[in-house]
Structure formats: C-alpha cells, structure tokens
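The structure appears right after this line, and notes come after that.
Nothing in this text is a laboratory measurement; each read-out follows from the coordinates by a stated rule. Please read these numbers as outputs of a predicted model, since none were measured by experiment. Every residue, glycine among them, receives a Cβ derived from its backbone with ideal geometry; neighbour counts consider all protein chains shown.
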Amino acid sequence: MPHGTAPKQLKDEIDAGLQSRGEPPPFKTNTRKAANARDGRAGEWPDFERRRAHAAARRQYALDHLDELHERLREHWRRRGVIVHHAPNSAIANDIILGIVRDRGARTLLKGKSMLSEEIGLNDYLARHGVEPVETDLGEYIVQLRGETPSHITMPGMHLDRTDVGRLFSEKLGGEYTDDPPALTRIARRALREKFLTAKVGMVGVNFAVAGTGHLATVTNEGNGRLVSTLPDTVIGLMGYERVTESLADLALLWQLLARSATGQRATVYLNMLHGPSPGPSGPREVHVVIVDNGRRRLNDDPELREVLRCIRCGACLNACPVYQQVGGHPYGGTYPGPIGIVLTPALKGAGHAPDHPFASSLCGACEEICPVSIPLPEMMLKLRARSVDERAKPDPERAVWRVFREVMGSRRRYELAAKLARGAQALWPGREMPIPGWTDHRDAPRFAKKPFRDLFHEDER
Ligand code: SF4
C-alpha cells in the first residue's frame, strides 16, 4: 500500500481487501496471537479492572489539567536547558524539525518509533527537503524500505511474514536470501550501525512527559530508542499535546498496562527517561521538545469525544476488532487504523475529512472491553456517525429515503398503501428478492408474503 491513501476511500479499500484472494495474510494470525497474549497477562492481575479504572482516571485527570501540567513541564525544562517548541499543526512541526536538522549541518535524521511523525508526514517532508529520515525501529525500518506506512500502531509490519522480510532485505540490502529471524535482525543491525554512529541529530517519539519531574519517557523493545537519544549530539522529543502524566507513579502504571495490552509483556524491554542535555561525557548536548497540537486542544474541549485523548497507543483495540482482523491496517489510510483510528482521525480532523471511518465497525464493543484506559469507542463511533451524516453534502439521498420512511410509518393508511405497492413491485422479479441498490449487495431482502398477516387475521376473525 503506497503512502497517502485518503481516508475518504475507506469503503473501496475495505472491499478490495475483502475480495483479494490467496493465502490468509499474516495479520489474521498475528492479531489473534497478540490478543491472546494480552488476555493471559491481564489474567495475572486479580485486580486488573481496578488498575484499569485507575489508569483511565489518571489519564482523564491529565486531560482535565493539561494547561497546568504543561506549565509545570515548562518550568522543569527551563531549568534543565531543554528547548521547547510549540507546533499548532503538521506544517509548522515539520518546519521546526527540518530547521533543527539543518542548523546542525546534518543530512540525516535518526528516528525512533513515532506515530505522531507519521501523522505529520515528517518522512516525506524531510525527503523533499534533502534530509534522509532513517527509521531505527525494526518494524518501521522494514516498512520504510518497502515504501509503505505502518499497518499497525505497535507492530508496523503486522501485514508481513519473515519470507517477505527475507526477500526485501536480499533485494534492498544485498546478500543471500534468508528468512531466519535472528539472521534478519543481524542484517538490519549491520545496516543501521553506521547510521547510529555517525548521526548528528536523533528524534524519539515521547510516550509520556512527566509533569512532576520533567522526564520524557520513551518505551521500546529494541533499544533503538536509547541509542537514538544518547548517541547524537542533538536529540528531539516529538510529542502530542495530550501525552502528559502527572507523576512517575502514573507513568509506572501506564507503562505496565501499555506493555500488557500491546504485546502481552509484563513490561517493555526498555523504558528510556530523557531528562535534558547531558552534563557528562556521553549523552546529548542539546535536547529539544516539539509539542504538536494538530487539533488536540480543540478536541479536548469537545464533551462528546475528548475521552479519546486518553489513548496510550497500545494497539489492543486493533487486535480485538473483527474488521481490522479481516482487512489489516492499510485500507484505513491516514495514520491510525482500527477502532482508535476510525474515531481519532475524524475527531482530530473533522467528520467531513473521514466520513466513512465511524461506520467501519460492527459496534460489537470488543475495542472498549480491551482498552486499558476504558475509552468508550463504540459510543463515540455513533456520535461521529451522526456528525458525518449531518456534514454530508446536500441533497443526501439517504436522508430523503429516511424522510419518506418516516412519512410512511407515521400513517396506517400510507403504510398499507406502500406495502401493497411493494408487493406489486416484487412481481417484476418473480422467485427472487428485489434488488435494492446499496442494500441487497450485502443483505437479504426477504420477499413479501402474498397476503399480509393483517388480512389473514381478519379473515380468521370473520
Ligand atoms: S483506544 Fe485504547 S486499546 Fe486502542 S490503542 Fe488507544 S489505549 Fe489502546
């Protein structure tokens, strides 16, 4: 899937995904494995529900006090010499990052994993301006080599198996084909080592900024985040405006829930805490934080949808979602797939930007059930569906149909007349169901009885 699939094409993309034949794609088994692993770990905590409720409350507290917590962060960062940049939108965020890279005379930006950098389109922007973005998370590195976007929030290469990676490495990095995972990891490590050692500027995605201490916390399993944030002289932390926690105790709880929900681990292998420029011989000389708004402050004022900002990007709702399990992440387009994506994308950008997104769900509730911070995603999908219908261009044929339906159902006489007409019309398709465009493509339209129950009832009475 190439970059930049517009969210508006979601229906077509899903149809294409469902119709493609061949081997079951890897995301079908990978989502199941991840969801099972999460259930196993959740079961280890007898008080899992209590911790989950506490985590939701602490995330909500942070959202309710965002300005105050940012004030505390600014004070810590000012004392430690961290340089803070505010970016109201993607264009300004990209400009700021490009400016930092150019000012240091660098031609590459070494990157840790960051979905926000996908959201702002940073890689394309840097490449257009002569800077090479280098992904260092293995999954991100693989999808970057393929010219793709991630298909999952925490497992970017969820749609690939090891033979895909083996072919890719042999084609792009040279050498013999192998699909042995440790050998593939060694090949990637060799290719990236030189980049780690020579990069002047690194960038990490900030999972949480801790208001009580000023720490920038980054969660990884591969150690690349630690290398990216310690080897280059200049390090940039890229964070969304909402990614703030009040205390280290909150961070500890969210970190464990994130790991358990994402991959079924008790904790991730690394939790990197960046404090500011290093006073010693190793570590960065300069630390920048770029705080991106991109609709988040406005969303935090939206009483119907603001709870979605509690999201800690664990990806568990993707693994649990029957739609995602069938089509994978790419048909959603944009940055965020699955249940969180179909809410967050229109919530951040407006219902008109992704009008089909809130409809890509069976409303089964599995996403809310698995979410470690109890975001009521199905309820929000319904709210967004209503907004999407309201924002649709006029005249809207669906609106007209429902208006007629209301008129017909509001009067017995009109109802009986309509039923009679429908019975007459079905005679045009003898022995089979009446085709109703857009409806009978995916549903049955049972034939009307020759004589309605009402008439039979009256005959029986007589
Ligand atoms: S909505 Fe919940 S389950 Fe989905 S990614 Fe966010 S925190 Fe995880």
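Points to keep in mind about this one:
- Pairwise FRET efficiency - E68 versus W439, Cβ, R0 = 60 Å, nearest 0.05: 0.70
- Over all other residues within a Cβ to Cβ distance under 13 Å of F453, the charged ones net out to -1, with Lys and Arg as +1 and Asp and Glu as -1.
- Of the GluC sites (Glu not before Pro) found in the stretch 176-246, those that fall in a DSSP loop while having at most 15 other beta-carbon atoms within 10 Å are E176.
- Convex hull of Cα atoms in the stretch 24-298, direction-averaged projection (nm²): 15.2 nm²
- Computed log₁₀ I(q)/I(0) - Debye formula, equal Cα scatterers, no solvent, the stretch 294-435, q 0.09 Å⁻¹: -0.41
- Relative contact order (%) - criterion: Cα under 8 Å, at least six apart; region: the stretch 258-413: 20 percent
- Proximal charge balance of I375 [Cβ under 12 Å; K/R count +1, D/E count -1]: +1
- Centroid-to-centroid separation of the stretch 75-101 and the stretch 285-357 [C-alpha atoms, Å]: 22 Å
- Helical runs (DSSP H, four residues minimum) scored at -39500 (n - 2.57) apiece and divided by the length of the chain put the mean residue ellipticity at 222 nm at -15000 deg cm²/dmol.
- Dimensions of the stretch 400-461 along the principal axes, based on C-alpha atoms and rounded to the nearest Å, stand at 40, 30, 18, largest first.
- Coarse-grained scattering of the chain at q = 0.08, 0.11 Å⁻¹, given as base-10 log I(q)/I(0) from a Debye sum over alpha-carbon atoms: -0.54, -0.91
- With each label modelled as a point 7 angstrom along the Cα→C-beta vector, the D161-A400 pair spans 4.9 nm.
- Acute angle (nearest 10 degrees) that the helix 48-64 long axis makes with the longest principal axis of the chain, alpha-carbon atoms: 80 degrees
- In summary, the lysines within cross-link reach of K172, defined as a Cα separation below 29 angstrom excluding same-chain residues under 8 places away, comprise K28, K111, K113, K195, K200.
- Cys residues of the chain that find no other Cys beta carbon under 4.7 Å: C311, C314, C321, C364, C371.
- The relative contact order of the chain, computed from alpha carbon pairs under 8 Å that lie at least 6 residues apart in sequence, is 20 percent.
- Modelled this way, with points 7 Å down the Cα-to-C-beta line, the labels at D179 and K450 are 6.0 nm from one another.
- C-alpha center-to-center spacing [the stretch 29-71, the stretch 409-462] in angstrom: 50 Å
- Here the stretch 88-127 was treated as a single set of alpha-carbon atoms; its pair distances binned every 5 Å from 0 give 6, 23, 35, 26, 9, 1 percent.
- Each Cα pair under 8 Å and six or more residues apart adds its separation to the average, and for the stretch 24-298 the resulting relative contact order is 27 percent.
- Volume per residue for the stretch 208-291 equals 92 cubic angstrom (convex hull of Cα atoms).
- Net charge over other residues, Cβ less than 13 angstrom from the Cβ of R59 (K, R count +1; D, E count -1): +2
- Full-stretch length increase - C364, A16 - with 0.36 nm per residue and alpha-carbon distance subtracted: 123.0 nm
- Within the chain, antiparallel bridges make up roughly 20 percent of the DSSP beta bridges whose residues both belong there.
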